[in-house]
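Below is one structure, written out as C-alpha cells, with a few remarks after it.
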Amino acid sequence: MKIIESEQNIKALNKRIKRQSKNGKPTVAVLCGGMSFEHDISILTAQTIANAVPDKYNVYILYQSLEGAFYLVPFDLKLARYKNAELLLPVCIMANSPFLYSSKHKKLIKLDVVLNCTHGQNCEDGTLTHLFNLCGIASSNAGATCQAVTLDKEFMKDIFCASGFDTPRYVVIKRDENNVAEKLRINNLEYPVIVKPANLGSSIGICVCESEADLGRALEFARGFDDKVIVEQYLDGVVEVNCSAMSINGKVRASGCEVPNKRSRFLSFSDKYCAGEGKFPQKGKVGDRQEIRNKIFNKTTFLHSQEGQIVQDSALSAQLELLKDRLNDFLLASIQKLTCALYEKFDCRGVVRIDYLVKDDKIYVNEINTIPGSLAYYLWGEDIEKFVDDLIVDCYREFKKVAGKNYALFTHILGD
C-alpha cells in the first residue's frame, strides 16, 4: 500500500512541476522541518503559510528531514506523515544554482523565493540563510548575522544591555562551570530565577527555580539541549506582551500587540502549541481576533490544531479584562515604537516577533524571534494572504538590492 501511495504522490508532484513550469508565475518554496528540536513546530507554521500564498505564485512545500535531506511534500499530505520519506519527492540543492534538482541531478524547479518557516538551531541561526545566499535564492528571513546573534540569548542580551534596552538581569553558565551560586550572588540574582538553554526557542528546556536545589536540576535539564545556559532573574507579576515588525514597501512597521495565553509562570511549550494540556486541541472553528483598545490590544489566544489550522481558545477572556488597566494605550504604543527600533538596531529583515515583559509600567525586552511561529501573521489583521504577499514582495526587493554585489578582488598573490 505504501509503495502504491508513494508512486502516486511522486507522479502527481512531477505532473504539477511540469505543468507549472510553463505558466510563467514566480515560484515560492515554503521551507519547514530542519535539524532542530523545533522541527515539528515548523511544519505547523509552514502548513499555515503555504495555504495562504496567493494564486499569482507557484507554491511548493520544501521539507528538510531531521537528517538534513530535502524533499518536496504533496500539499494534501497529513502533518503526521511528513517524516515518511517514501511518500515524498527527494530533491537536492546545489551552491551557485537557484534550482531544485532530482536525485539524479536533473533540474526540476527554479526557486525565486524561499519562505523560511523553520525554527531553532541549524535553522534560525543563519545556517539555511547562508545556504540560500550561496544558491542565489531570496529567503524571507533576517540576515545570517542577525539570526545568529538573536538565537544565542547571551549575545542577544549583551547587545540589549550595550544598547540601553532594559532586559532582566542574567548570567551565562557554561557546561564545565561549577561556581553557579557565586555567579548569581555577584550579579544580584535572587530566587526565583528562570533557566533557559541559550540557543533554543519554543520554551523548550525552560524551568523556574525557587532554590539552589531546583537550580541544580534545572541546569542539568537545560544542558541536555545546549552546552550554554542562561540564568535570568524571574520577574513576578509581569504581563507578557508580544509585538511583530516587518518591512512593507521598504518601511519598517509594527503590528498590533498580543498577550499570549499563559497558564503557568512562564509561557510554556504546552501553552504555545498544546492548549496547556500536553496534547494538540481538536480541530475546531477558526477564531476571530477581538480588538479591545484602538486596534492595538488584541485578544490572541490562538493555538494550532494537528491540521495546521488556528483554533480559538477563549479561556483567557477574564484575564484580559483584568489586564486592560495595566496595559494602557501609551504603554502599547511605546512597545510598538520599541519594536521598530529593535528591528532596525539588529538589522532585521522579513517578519520578526519581539517578546516583552511589562512590570509597573517598565518594559523589559525578553527576546527577538526572527522566524516566529506562524510567522506571527495573526498580529497583522485577518488578511493572511496579503500578509504573505507583502512578505514575498519585500523579501525579493531586499534580495535584488544585493544580487549584483561583487565579491572578486584580483591580486597577484597567485601569480599573473
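Readers should treat all values here as calculations from the given coordinates under stated rules, not as data from a laboratory. Quick caveat: nothing in here was measured; it's all calculated off a predicted structure. All Cβ positions, even for glycine, are placed from backbone atoms using ideal geometry, and neighbour counts span all protein chains on display.
Observations on the model:
- Sorting the segments 356-364, 145-153, 166-174 by their residues' average number of neighbouring beta-carbon atoms within 10 angstrom, most packed first, yields 145-153, 166-174, 356-364.
- Modelled label positions at Arg19 and Cys92, each set 7 Å beyond Cα in the direction of Cβ, lie 2.8 nm from each other.
- Taking 0.36 nm per residue of sequence separation and removing the Cα-Cα distance, the Ile248/Lys174 pair yields an extension gain of 22.6 nm.
- Likely footprinting exposure, Met156, Met35, Met246, fewest C-beta neighbours within 10 Å first: Met35, Met156, Met246
- Taking a ≥ b ≥ c as the square roots of the eigenvalues of the alpha carbon gyration tensor, region 1-130 is rounded, as a/c is under 1.5.
- Structure note, pairs Lys83/Lys153; Lys25/Lys337; Lys110/Lys153; Lys25/Lys400; Lys157/Lys345: Cα-Cα distances above 25 angstrom occur for Lys83/Lys153; Lys25/Lys337; Lys110/Lys153.
- Cleavage-rule hits, GluC sites (Glu not before Pro), region 117-213, DSSP coil, Cβ neighbours within 10 Å at most 15: Glu177, Glu190, Glu210
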